[in-house]
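Following: one structure in C-alpha cells, then a few remarks.
The values are calculated or read from the model by the stated rules, or taken from the named source; none is laboratory data. For clarity, every value in this text was computed on a predicted model and none was experimentally measured. Note that we place each Cβ from the backbone using ideal geometry, even for glycine, and neighbour counts take in every protein chain shown.
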Amino acid sequence: MKPLVRISNLLLVSDYDGTMTNLASQIPQRNIEAVKRFICKGGQFTLATGRSVYNVRRLRELLPLYLPVIVLDGACVYDFINERVLYSNVIPDGIKDYIKDVLCANPHLGAMAISWNGLYDIGNYETTKKHRPQSVGNAIRVPVGELPDKLYKVGFIGSQDEIDSFQMYIGDKAPDGTDFIRTDLHFYEMIAAGQNKGEALKFLVSKMGMDMKNTLAIGDYHNDTQMLRLAGMSAATGDAPESVKAAADIVVCRCSDGSVADFIESIEKKIAKT
C-alpha cells in the first residue's frame with residue numbers, strides 16, 4: 001500500500017457489477033453520493049468493467065463518467081467524450097474451429113461472443129437464457145462459422161457446477177494467444193493472452209500522465225485481481241472470494257451495503273490523518 005496524498009491527485013477505478021452495484025444490479029445511493037463527493041473534491045473516477053461499450057454508454061446516465069472507461073475486462077479503453085477507441089486487444093484470428101470443437105464437446109453450455117459491432121449467441125440457447133444477465137442486451141443467433149474474425153471475448157455459460165467442471169476441462173488447453181478467466185460464477189471467458197483490467201489500467205494511467213501510486217481500485221472477482229495488485233491502494237468487497245481479498249490492501253463492506261462508498265470514506269479518513 002502506497003502513502004496517499006490528497007484526493008485531487010487520485011484516480012479511482014471501480015468494477016461495476018457486484019462492486020458498484022448490488023446483487024440486483026442496482027447502484028446503492030450511498031455509492032452515487034460518495035463518487036460525486038470524490039469528484040467534487042478534485043478526484044477522478046472511471047469504471048473497469050466486463051461490459052461492452054454499448055452497455056456502458058447507458059451507465060453514463062447513472063454515473064459521472066467523464067474519463068475513458070476500461071471495458072470488456074480490459075480488452076478496450078474507450079473515450080466516450082470523443083467517441084474513439086484508445087486501446088484495443090482482440091483474440092487472435094483462426095479461433096473459430098477451436099470454439100466449435102469446445103461447444104461440440106460441451107453441448108449443454110451456453111456461449112456468447114463479443115465483437116466491436118455485435119453480441120452473438122453461439123451455444124445452448126436455453127442455458128444462456130437462464131444465466132445471462134438482462135443487462136447484457138440482445139444477441140444475434142449465429143453458427144460459430146459465421147462469427148466476425150475480430151472478437152474481444154467469448155464467454156461460456158452454465159450453472160456454477162457446470163462452469164467448475166468446464167474450467168477443469170479447459171485446464172491448460174487454451175489456444176496460443178488466448179487465456180481463460182472466471183468472471184462470474186456462471187461465466188468462464190476466453191480472452192486475448194495478456195488481456196486484463198490491470199494492463200488496461202497501466203495504459204490509462206500512462207495516457208493521463210499519472211503515477212500508478214496515485215490510483216485506487218476496487219473489485220469483487222477474479223477478473224479484478226491484476227488491477228487490485230497494481231493500484232496504489234486497492235479494496236475488495238466483502239462478497240469477494242478469499243483469493244481476491246488477498247490481492248487487495250483492504251476489505252470493505254458487501255456490495256449491497258455500498259462497497260465503493262465504504263472505500264471512498266476509508267480514503268477520506270486516511271488522508272484526513274496525514
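What pairs can you find where one residue is in the range 30-55 and not assigned by TED's automatic domain parsing to the domain that holds PRO133, the other is surrounded by fewer than 17 Cβ atoms within 10 Å (Cβ to Cβ) and polar (S, T, N, Q), and their Cβ atoms are less than 9 Å apart, with a gap of 6+ or different chains?
Cβ pairs passing all conditions: LYS41/SER8; GLY42/SER8; GLY42/ASN9; GLY43/SER8; GLY43/ASN9; GLN44/SER8; ARG51/SER135; ASN55/SER135.
Could you name every one of the helices (runs of 4 or more DSSP H) located completely within the range 52-156 that has at least 3 residues being more than 24 Å from LYS207 (Cα to Cα)? Outline the logic, then answer.
Values: elements: 53-59, 96-105, 125-131.
Once the helices (runs of 4 or more DSSP H) in the range 52-156 are filtered for at least 3 residues that are more than 24 Å from LYS207 (Cα to Cα), what remains is 96-105, 125-131.
Collect the residues in the range 104-135 that are modelled with pLDDT of 90 or more and of a type in the set (Phe, Trp, Tyr), keeping them in residue-number order.
Passing the criteria: TYR120, TYR125.
Considering only residues that are small (Gly, Ala, Ser) and over 14 Å from LEU216 (Cβ atoms), look in the range 231-274 and name the one that is modelled with the lowest pLDDT. Can you show your working first?
Let us first name the residues in the range 231-274 that are small (Gly, Ala, Ser), namely 231-232, 234-236, 238, 240, 243, 246-248, 256, 258-259, 261, 266, 272.
Those left that are additionally over 14 Å from LEU216 (Cβ atoms): 238, 240, 243, 246-247, 256, 258, 272.
Working: GLY238: 97, ALA240: 97, SER243: 96, ALA246: 98, ALA247: 97, SER256: 96, GLY258: 97, ALA272: 81.
Going through the qualifying residues, I end up with ALA272.
In the list ILE91, ILE114, ILE95, ILE81, which residue meets the criterion of being out of contact with any Lys or Arg (no Cβ under 9 Å at 6 or more places or on another chain) and within 12 Å of LEU147 (Cβ to Cβ)?
Details: ILE91 fails: out of contact with any Lys or Arg (no Cβ under 9 Å at 6 or more places or on another chain); ILE114 fails: out of contact with any Lys or Arg (no Cβ under 9 Å at 6 or more places or on another chain); ILE81 fails: within 12 Å of LEU147 (Cβ to Cβ).
None of the other options fit; the residue is ILE95.
Out of ALA217, ALA272, ALA247, ALA240, report the one residue that is in contact with a Leu (Cβ under 6 Å, 6 or more places away or on another chain) and either farther than 24 Å from PRO68 by Cα or of a type in the set (D, E, K, R) (or both). Before you say what the answer is, go through the steps one by one.
Values: ALA217 fails: either farther than 24 Å from PRO68 by Cα or of a type in the set (D, E, K, R) (or both); ALA272 fails: in contact with a Leu (Cβ under 6 Å, 6 or more places away or on another chain); ALA240 fails: in contact with a Leu (Cβ under 6 Å, 6 or more places away or on another chain).
None of the others qualify; the one that does is ALA247.
Here's a check for you: in the range 204-222, which residue that is over 17 Å from SER8 (Cα atoms) and without any contact (Cβ under 8 Å) to a residue 60 or more places away in the chain is nearest to the chain's Cα centre (by Cα)?
Applying the filter and picking the extreme gives HIS222.
Here is a list: ILE170, ILE81. Which entry is surrounded by fewer than 17 Cβ atoms within 10 Å (Cβ to Cβ) and in the same structural domain as SER243 (by TED's automatic domain parsing)?
On the way: ILE170 fails: in the same structural domain as SER243 (by TED's automatic domain parsing).
ILE81 is the lone residue from the list that is surrounded by fewer than 17 Cβ atoms within 10 Å (Cβ to Cβ) and in the same structural domain as SER243 (by TED's automatic domain parsing).
Counting just the residues of the range 140-160 that are exposed (fewer than 14 other Cβ atoms within 10 Å of the Cβ) and under 22 Å from the mean Cα position of the chain (by Cα), which one comes out nearest to HIS108 (Cα to Cα)?
So, considering only residues that are exposed (fewer than 14 other Cβ atoms within 10 Å of the Cβ) and under 22 Å from the mean Cα position of the chain (by Cα), the one nearest to HIS108 (Cα to Cα) is GLN160.
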